[in-house]
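Trainee: I have a structure here, written as structure tokens, and I will follow up with some questions on it.
Please treat every number below as a calculation from the coordinates, not as lab data. Quantities reported herein were computed from a predicted structural model and do not represent experimental measurements. Glycine gets a Cβ as well: all are built from the backbone with ideal geometry, and neighbour counts include every protein chain shown.
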Amino acid sequence: MNQLRLHTSADQAALAHAFASVEADAQDPFARPLLLTAGPGVQRWLSQRVATAPRDGEGIMAGYEVHPFGALESLLGGAPAREDAWEAARLVWVILDACADAAPGLDPLRRHLDANDQRYANALRIARLLRRYAEHRPTMLTAWRDDPAAAAAGLGPDGWQPWLWHALHARIPAADPVERRAALAASLSDGTLTPPWPAAHVFAPRRLTPVRLGLVRALADALPVDVWLPVVGPETSANELALALGRRAAHWAAPWRAVADAEVAVPAPARPDTALGALQAAVAAGAPLPHPLPADDTVSLHSSHALGRQAEVLRELLTTAFADDPTLEPRDVVVLTPDPEALAPHIAALFDGALDARGTARRHPAAELRVAVPRQAGVNQVHALLLDLLALRTSRATASQLLGWAAHPFVARRFGFSPDDLDRLEDLVTAAGVRWGINGEQRAWFGVDVQQNTWQLGVQRLTLGEAFSDDTHASVGTVATVDDVSSTDTDRIGALAELVSRLSRLTRRFAGEATLTDWLAGLREALELLVEVPFEEGWQLAQVWSVLADIEERGAGTSVPLRSTDVVALLQDAWGRRRERPAFGNGTLVVAGLEDLPRVPHRLVCLVGLDERTFPRRGLGDGDDLIARDRGPLDPDPGADDRQAVLDAVLAATERLVVIYQGQSSLTPEGHPPPAGVVELIEAVGQGRVQPESLQPFAPVNFDAAAPRSFDRAAHAAASALVREPRPAPDRYAIGLLPREAPLTDLGLDQLGSLLKHPGKFLLRERAGLSLLSDESASESIPLELGYMESWQVGDTMLEGLLAGQDAEQVLMARWLSGDVPPHHLGRGALLEIQTKATSIHRRFSEAAPEDPHTTSVDLDVDGVRLSGRVVTRGGVVAQAQYGRVDARHLGLAWVRQLAVTAQTGRRTDALLAGPGGVTRLSGPPPELARGFLSDLVALAHDGTQRVLPLPPRVSEFWARVRAGHGDPLSQTPQLEKLWGYDKDQVWRTWYRAHEAPWRGEPSKGHPWAVPGEPTLLGALAVRVWGPIVKAQG
């Protein structure tokens, strides 16, 4: 006997009230009716409605056995989802086994699966396709089971599908879903199966399929079943919104009406006399939309930009709503979006007061709002690390990836890397020439037969560099050492070597095919080898262990070989089946998906993140899906589901509806068309209700005195600055004079030399401890040719090795193995040319200064300043070699050193500089004069820590040289400009703008460094500082 009664209403709250008035069976107070709901959101809302219904005032909902609508089969005695042999996660293994065993008719499928590296992912897609057939085309599967040959003959290229279903039956002893459900329905209808409930209720069912409908109908033969169905309106509607957006609800309602024994219409309460109320009333009555609508803000549409800006607009609208209505609470508001995980980080950043670094005084009022956002995917770092490990072999494995592995918090904890270690490792990895590739074996996967610049070779170089750090061994065997290694690096290099060794071993293990059991054992071993999870983060490791155990249980018994790409797909699928506990109904403002809270009433409903490019969903379709070729009204239709979700949001809002969509580009002034669903809303309410939003939150239009639209104090300050009279921005480097708090007392020789080399850098370093470095990251490519800078670096290193007493061939071999030059024959010619040049400079240097090096310690008191350092001399001469051309930068340092040695020893000391252009000599002044020059330089250093000295070395040296020849430097402006171009680096550009030059700057009149006849400070300093150096050159 059919006992199915259908309750319909256009108001879901009215349905909940009617449901709450249904009394439990008074004959047996312990017998609990079954309640099936659409999902956890509806279940939580319904339980609160029933608990607070004005009936007995208990304040709780009890006496019901509550489950999701989709769980009806397992509740009636069917296989639970986790134990169902025909579940997709289990079925996929049987499909792979059937293809591996060459089951009849499966050759096309087997070839397809073997044609790429996504065997598991494709087999899982097929498994889900068969499950979809079981839900929507059960009779088709029955025909396939009975006669696969006949079914295959009518399907052409898709004829393998009936044969696959037949092969699965031969391998799975349990009844398939179609047989199982048919048996359940028959047992319910003939009375052989007695359900354990006195009655059943199905509240707001969605995702209706023929199978679910049949089970409910069969259940109604055994006990009373009440279906509480929210509808869009009458069966025949003339409402434009209902016709355009409510097609899915109409398709779901028709089958229920067809099987119901009786239908009870639950009256909906009268709608308020507002624009929103008028829309809802017209939809519920199936009447045409009224025009014009009441003039109010109960329906507002906002044409905004990208998702981040939409979240900012949402924040201001919510803040306004709470400010305007003190009775509005967070639980009265819901934010619905197509992609909650994409919106979550924006919401967290905008509404979390802990993340607002502007201070309490400028904090946004919305920072105090409690917002429940879904947990982002990938929050489990252990799971993400496993995916990275599986992808490592087929990635380039760059140097930054190696440093990223070392910096991972759980890996760093496992190997003992501190923040300081990680900073130092970055320098060491760069010095070791690591570019990409774990080792030669992994790099060979890309077809590159080159060993240099790999992780493994870099670690070997660092290890040997630590063992032979005395510069006596440029290379050991076929590995060049790294000389930038100290004894304090021993532990960190050892830990890095162990990390690379374990990663190398694991990637080699994961390179081929293995069974599921072997893969899971390898993943568990990888976690043991690589991570150490602190106690407070132990839940992450527990989740991963749980997922691996679940995979092992579902795939037990399979021997199908898997690749790493299959395991990645396996992990992602298993992780996707996890469900976080929802935060619905806990008093917070909820951010949820469009279908998480279908038709659940809220005072304020906000739709956010609607973009015409992605909404409604446009499924490309599965080429193997037979359902898609002949779609029925109950078949899956993501686009129709999204349109229905928009209409459900309209009907769920009790006081106000806010829609924020991308109607404008964030990059160009062009507009974006509104997405489907929003188009119909705009047509219903009129274009005049669409509010274009500004691109930036600090646009002055947001702070109009008559109607301000933002509560952001920081944005208001920026908007106020925009409308004020513009004023020139201060030059942050126009520092003027920075007086020292205490006089200069100690100075190193190299510090004094750096003053002549670059006064700008000297000031930044000595007063602020800063260095303006290039933001260019280290190269992660194998060098294929040497540029000027690369050639200079290689040559300078070779020259240093020769000066340290290393053999020329040994130095050449070290550079050849260092990874700094192109591999094989590509770098041979360039390296030999560099060696020739370096050897020539070294020979020239040795001829000019053949004596053994001697270190002279300098410790002088120069006008109350202690000047100290060490200088290497050869035969009483300060001698140094330079691979690049000798210029003013090198002369200044040599001059400082020879003055210091002269003053320390009391003997005139010369200096020589050997370079590719020959040997440059500086004649040493007498000791008394040397002390005077040092006194000037020390005073200049004191002044150089208080201001920027206009003393670029090349320009200043040229100026002094022209003056020494009784010429006018300004008459040779082109040469000055050329030299200034050489001197003007990033630091000088901060002091001097494009049109400025130091010789056009500050006058020298009245300045302590003034020199007669020199009108500019640069000229005065050049004559006083560089004049003696020019004279010393002869």
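Trainee: Modelling each spin label as a point 7 Å along the Cα-to-Cβ direction, I'd like the ARG617/LYS837 distance in nm, to one decimal.
Mentor: For ARG617 paired with LYS837, the spin-label model returns 6.2 nm.
Trainee: Can you pull the Rg over Rh of the chain, Cα-only, Kirkwood? It would help to have the intermediate numbers written out before the result.
Mentor: Numbers: Rg = 39.7 Å, Rh = 36.2 Å.
Ratio of gyration radius to Kirkwood radius: 1.10.
Trainee: So what is the 222 nm mean residue ellipticity for the chain from helices alone, if each DSSP H run of at least 4 adds -39500 (n - 2.57) and you divide by all residues, rounding to the nearest 500 deg cm²/dmol? Kindly include the intermediate steps, with their values, before the conclusion.
Mentor: Numbers: 41 runs with 469 residues, N = 1034.
When only DSSP H runs of four or more count, the value is -14000 deg cm²/dmol.
Trainee: Please list, or write none, the lysines whose alpha carbon is within less than 20 Å of the alpha carbon of LYS761, excluding same-chain residues fewer than 8 places away.
Mentor: In chain and number order, the partners are LYS984.
Trainee: Ok, one more. Between LEU738 and ASP796, what FRET efficiency comes out of the Förster formula 1/(1 + (r/R0)^6) with R0 = 51 Å and r the beta carbon distance, rounded to 0.05?
Mentor: Working: r = 35 Å, r/R0 = 0.68.
Calculated value: 0.90.
Trainee: List the lysines whose alpha-carbon lies under 27 Å from that of LYS837, not counting same-chain residues fewer than 8 positions away?
Mentor: The qualifying lysines are LYS757, LYS978.
Trainee: How many percent of all Cα-Cα pairs in segment 394-509 sit more than 24 Å apart? It would help to have the intermediate numbers written out before the result.
Mentor: Working: 1420 of 6670 pairs.
In whole percent, the long-distance tail amounts to 21.
Trainee: Using the basic label-point model (7 angstrom from Cα toward the beta carbon), what is the ASP420 to ARG207 distance in nanometres?
Mentor: Those two pseudo-labels are separated by 5.5 nm.
Trainee: Let me ask another. Taking R0 as 51 Å, what's the FRET efficiency between ASP114 and SER720 from their Cβ-Cβ distance, rounded to 0.05?
Mentor: In this case the efficiency is close to 0.15.
Trainee: Once both labels are modelled 7 Å past Cα along the beta-carbon direction, what's the PHE446-ASP863 spacing in nm?
Mentor: 5.7
Trainee: Also: Given Cα pairs under 8 Å that are at least 6 residues apart, what percent is the relative contact order of the chain? Before the final figure, lay out each step's value.
Mentor: Details: 1624 pairs, mean separation 123.4, N = 1034.
Value for the chain: 12 percent.
Trainee: Residue by residue through segment 558-573, what is 3J(HN,Hα) from phi via Karplus (6.51 cos²θ - 1.76 cosθ + 1.60, θ = phi - 60°)? Round to whole Hz and write x for glycine and proline.
Mentor: Result, ordered by residue: 7, 10, 5, x, 10, 9, 5, 5, 5, 5, 4, 4, 5, 5, 5, 5 Hz.
Trainee: Right, something else. Can you tell me the length gained on complete extension of the stretch ALA804 to ARG171, counting 0.36 nm per residue apart and subtracting the Cα distance?
Mentor: On the way: separation 633, 0.36 × 633 = 227.88 nm, distance 7.53 nm.
Result for the pair: 220.3 nm of gain on full extension.
Trainee: How large is log10 I(q)/I(0) at q = 0.14, 0.20, 0.23, 0.24 Å⁻¹ when the Debye formula is applied to the Cα atoms of segment 950-1034, each weighted equally and without solvent?
Mentor: -0.44, -0.90, -1.16, -1.24
Trainee: Among all the aspartates and glutamates, which ones have a C-alpha under 15 Å from LYS1005's C-alpha, if same-chain residues fewer than 8 places away are not counted?
Mentor: Here the aspartates and glutamates satisfying the reach criterion relative to LYS1005 are GLU1014.
Trainee: Once you have the alpha carbon radius of gyration of segment 146-206, what is it after dividing by 2.2 N^0.38 Å, with N set to its residue count?
Mentor: Numbers: Rg = 17.5 Å, N = 61, 2.2 N^0.38 = 10.5 Å.
Working it through for segment 146-206, the quotient is 1.66.
Trainee: Right, something else. Which FRET efficiency, nearest 0.05, do GLU977 and SER923 yield, Cβ-Cβ r, R0 45 Å? Kindly include the intermediate steps, with their values, before the conclusion.
Mentor: Details: r = 31 Å, r/R0 = 0.69.
Rounded to the nearest 0.05, the efficiency is 0.90.
Trainee: If I take every Cα pair under 8 Å that is 6 or more residues apart in segment 731-949, average their sequence separation and divide by the length, what percent do I get for the relative contact order? All intermediate terms of the calculation are to be shown ahead of the outcome.
Mentor: Details: 326 pairs, mean separation 58.8, N = 219.
Relative contact order of segment 731-949: 27 percent.
Trainee: Measure of size requested: the Rg and Dmax of segment 731-949, with Cα atoms as the atom set and Å as the unit; please supply both.
Mentor: When restricted to Cα atoms, segment 731-949 yields Rg and Dmax of 20.1, 59 Å.
Trainee: Charges only on Cβ, +1 for Lys and Arg, -1 for Asp and Glu: so what's the dipole of segment 86-173 about the Cα centre, in debye to the nearest 20?
Mentor: Working: 11 positive and 10 negative charges, 52 e Å.
Using only the charged Cβ atoms, the result is roughly 240 debye.
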